[in-house]
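Everything on this sheet refers to the single structure shown next.
The values are calculated or read from the model by the stated rules, or taken from the named source; none is laboratory data. Just so it is clear, the structure is predicted and the values come from calculations on it, not from any experiment. We place every Cβ from the backbone using ideal geometry, glycine too, and count neighbours over all the protein chains shown. The area values use the complete protein model at the heavy-atom level, side chains included, leaving out ligands, DNA and RNA. Shrake-Rupley method; radii C 1.70, N 1.55, O 1.52, S 1.80 Å.
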Amino acid sequence: MPSFHLHGVTVQFPFAPYECQKDYMRKVIQCLQTKVNGVLESPTGTGKTLCLLCATLAWRDHTKDAISQQKIAERLDGKEMFPSIPLPSWGQANGDVSTPTSYSDVPKIIYASRTHSQLTQVVSELRNTSYKPKVCVLGSRDQLCINPEVMRQENHHVKVHMCRGKVSTRSCVFYNNVEEKSTDRELVNTIMDVEDLVKFGNKHRSCPYYLSRSLKQQADVIFTPYNYLLDPKSRRAHQIELAGSVVIFDEAHNLEKTCEQSTSFELMPYDLASAISALTRLLAEQATEAGLEESSVQGLKANIENVAKIKEMCLKLEAALDSFEAAADKGITKPGIFIYELLERASLNYDNKAAVFETLEQIIGSLAGQAGIFHNTSGLQKLSDMIQLVFPGNVPSSKLDRQKKLEENTASFKVHIHQDTSSQKKQKSSDLWASSSTKKTGNILSYWCFSPGFSMQDLVNQGVHCIILTSGTLSPLSSFTSEMRIKFPVSLENGHVIERDQIFVSVIERGPDEVPLSSAFDRRFVPENLSSLGNTVVNLSRIIPHGLLLFFPSFFLMEKTLEFWRDNGHASRIESVKPMFVEPKGKGNFTETIGGYYDAVNDSKSRGGIFAAVCRGKASEGLDFANTFGRGVIITGLPFPPKLDPRVLLKMQFLDEMNQKKIPGMKFLSGREWYREQAFRAVNQAIGRVIRHKEDYGAIFLCDQRFKSREAQLQLPSWVRPNVRLYENFGNMVRDVCQFFRVAHKMRPMLEKTTAPEPASECSASTRQSSSPRSCGSTSYLHTQKAKMLDSHTNTLKRRRPDEDAAVASIFKQYQSQSAKTARKAGSLFDALDRAENRREANGALEEQKPSQLSTLSLQYDKRLEEMMNGGKRKIKVVHEQKPSFSRGASGDGKKAIAKYFLGEMKSSLSQVNFERIRRALHSYKDTDNVDILLSETSFLTDDPHTYSLLRGLYNFVRPHHKKTFDEKCQEVTGAGCGYKPEHSESKAEMPHADVNPSRISAFSSSLASTNAPNNKQEGVGNLGGSQADITPKCEVQAVFLADVKKALGPEGSARLCQAVQSYRTTDNYDNMVSVVVALFTEKDENFSLLCRLSSIIRPHHKRQYKEMLRALMGGPAETAAEQNHLNDSE
């Protein structure tokens, strides 16, 4: 493995590290050497976990080597053992504040993450390094206990006390084998996660829970969920010693919330009633028993008088809480120190808290250990936890010092008493043995911590070596560290390992219909806003390949938005492109839902999928959407916390109070600042679901006008901020997104592999790419399908990269002067069908040849050669005899485009059998002119509403004398006609001109003339049969087109279109024109045919670019070489 030196420490790494990885490891080693805290942000995909492990273990080895050097030097009286041989890994402890003098003093590494599943990934990363430390993974009995009798218990606290009882009486066979197996070589020398430990325990019939506690004593690295560290009760239960240890919090973006929750509690009326009921039952049972001696109960160590006293305390506390007249909507809020006054009313204070706690533990243990009888001990356990939290440590005897101690304990807390308006049905239904006395309502006592610094300061007070907080999304760091209330001298906002061409970030201020987008409270349910957001998602789903993530601010807003989309047709338009999967609220169906999404993206016959989820939800927190599973992410708004939540209001109030106190040396956020940054931190976490490794790429869309402000953009991660783009209109954004995916696909050779690599190398956690939850198992499948899937979903990927344009243009220029070629344009759908039939075998052979040409250089060369041979020639346009038109709304170019894209739509929507039926029906109609045969053979299109549009689409290719009949039949079977007009049944020569707007025809005709005339002159059209008579049919087609535009867009939209075309005529600015056109014609699906017909006014040097944009928007199939050749010839 490669090794290198950082701050005098030799680090071994699985591969040559990137510069950003070295920067990260330098900061880690700096924290360890100088014993200072650090907060380090490094984007997902930069190998953060691997860097953290390697740097920390390298420093630990270096420290042990320094101790060895000191001991050897002492024995040699300062002489060197090998004076001529340098020992780089030894040397002085460079930068270390102090070097331990004993191996036992080398700090342990306590590595904490949010969940056990994340810890499993960390252990997997550790296995791929050269370091082999002794490790231990801590877990609860829920994860580690294998005793069948204990595991049958549903209540966690019952499991705990039953386990303790069996251990104390040595009646657990698994525990009895722990001492023998704790020194087993397989156990000690193997890096095990929780699952491995359970397998070992089952294999050797030894308790994994107590084995992990045994391993902890000798472990170099201890892995644990971070609530085990932050919750004082859990820390004591697992006997975690923090003195002198290095504490690392990975995935620390959730740390603030966890710190506050671990030191808060809520005492429900149900909890008190349950405790009173259990105590009453216990007293009643003992009172009926005969032969009691000294008021002592068999199996119960507690004195019965003490049991009665605790019941009396519970009754007094219940009465004290019920005495408050709390408003249902607001409640009563008191300073934190009020908790002591309230508990004093129940005769509970520092003086007797130890005795009460001990009695409660004895009662709970006794009830849990009674065989065959279930006792509900949850209320008693709540009281026990409350005592540990409210009464930490001891207080001085002096009254003044005692008061000061109480104020320090509660400075970060608030007491909130409010009515219990929520039904306890779930708890009651699960407790079948609860008495009716527990079924009551009352007031809830909430004791809430509002400063995560309370827990962090407690860790510092334990004498830790240093604390390192790290995550992919901690920005903004200044506010994050100020909340922690401890100093962080070392900080880092690391860059990403990706290049700029791998990320596209756009703020979408307005939708395609120019309606401002916003999830603000006053606009989030406005129909125009929801409709515009739906139109935006429809358009983005067409141009983003494969998987698309759609994040909403809350479940409520997601449900309302999806309901609106379903009622107004947006959902059906989205699902016609990609199937949509919605994150469920509960955990039960999540696996099935996300599995369906993965399958849809993996399916080479589909265009991918959309996963609609919620910020702060399960999908936004821990899932990995690498590669095709996350090519784009749409943020539909800012997920602010619910402002009417009492806890949110009190948090903001607490921060404002702290600011007003102006404590020297301490800076607090204001309540408003905290509220705003909570939203952006959730956004940053959702953004981090895409671009998961060095070769990944994706697009990020911020669909809320509030993201356009500079202040909002400063809240985004440092690797995102430089890439944010603002657009004045929707069309320009669509154009650039198409360009981005085309370039990204061509520049990522990883996606072009001909053979799948070895599974181990693909799924290895130490490689430079991470994999999705399902990607490892199907790596071979993914790599062989990706290129083909990308081509079928995003056809703009066939275009050249910008840096090729100049070189290819020079080749074209030289070649154009030497050759010319004539080509006949397709006149109808029938010609397109004929070409498709003749090309089928040639295309199959071409597809088999393409995979062999996969290197970047060969792709560039072959593409240039193909374009030079097929698309770089100057064509001579031959005017053939005019044929009857099958489409009144399109020119020659427009008809060819309609035929081509309609053919593609049929291919993508129908099975091969049904497509062949339509092809044969059209050929038969072409030969026999019998429209009844056409209607009969295509009648299966009326079976599914999703294929109605295909049936109506055939209207453009029905001959004039059959159009009225075809329109009436469509109206009858589908409920909508094809837009028939009497003039559609007339031939071109018979079509009247009186009802055509002369000024509009003049504007378009002059635009077309100025667009085509210079090129026609150069190409010699006038010399090859062009005449003035040819202009008349063009004007007629344009008149029909303008009438259709006016009907579709209305006066205002038509005026914008004409203005854009006129500007294009004079300035030749394609970008400005196409941005207006896309915004006008993509709002409704039925207007896409107009977008195709508009191609007749596009100048020749922009035709290819325009048609590629159409393919991207309409999701047509990728062109084969033969189709590409025909496209080039037709320009």
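At a glance:
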read-out	value
Sites Arg345 and Gln239, calculated FRET efficiency, Cβ-Cβ separation with R0 35 Å, nearest 0.05	0.50
Cα coordinate range in segment 541-617, projected on the principal axes (Å, largest first)	33, 30, 16
Cα→Cβ-extended label distance, 7 Å offset, between Arg205 and Ile486, nm	4.5 nm
Heavy-atom accessible surface of segment 666-752: percent carbon and sulfur, 1.4 Å	49 percent
Calculated FRET efficiency for the pair Glu493/Glu186, C-beta based, R₀ 35 Å, to 0.05	0.25
18 Å reach of a label modelled at Leu644, 7 Å along Cα-to-Cβ, counting backbone N of segment 555-569	555-561
Label-point separation in nm, Lys605 to Lys560, each point 7 Å along Cα→Cβ	4.0 nm
Inter-label distance for Glu1052 and Glu19, nm, one decimal - labels placed 7 Å from Cα along Cα-to-Cβ	5.1 nm
For segment 476-519: accessible area per residue (Å², 1.4 Å)	35 Å²
Accessible-area composition of segment 102-167, carbon plus sulfur, in percent [1.4 Å probe]	47 percent
Glu509 long-range amide H proximity, modeled H, under 5 Å	Tyr727
Residues with amide H under 5 Å from that of Phe581, placed H, sequence gap 5 or more	Ile610, Phe611, Ala612
Label zone at Lys257 (point 7 Å along Cα-to-Cβ), backbone N below 20 Å, segment 675-719	675-690, 715-717
Calculated FRET value between Leu315 and Asn394, using beta carbons and R₀ = 30 Å, to 0.05	0.60
Extension reserve of the Ser572-Gln462 stretch, reckoned as 0.36 nm per residue once the Cα distance is removed	33.7 nm
For segment 221-229, 3J(HN,Hα) per residue [Karplus equation, 6.51 cos²θ - 1.76 cosθ + 1.60, θ = phi - 60°, Hz, x = Gly/Pro]	10, 10, 9, 7, x, 6, 6, 5, 8
Chain lengthening between Glu1086 and Gln1059 when straightened (0.36 nm per residue, less Cα-Cα)	7.5 nm
30 Å Cα-Cα threshold exceeded, pairs from Lys71/Lys134; Lys233/Lys405; Lys708/Lys907; Lys27/Lys181; Lys382/Lys404	Lys708/Lys907; Lys27/Lys181
Surface per residue (accessible, 1.4 Å probe) for segment 578-669, Å²	43 Å²
Stretch gain in nm, segment Asn176-Val913, where the contour uses 0.36 nm per residue and the Cα spacing is subtracted	258.4 nm
Tyr925 accessible area, 1.4 Å probe, all protein chains in place, Å² to nearest 10	0 Å²
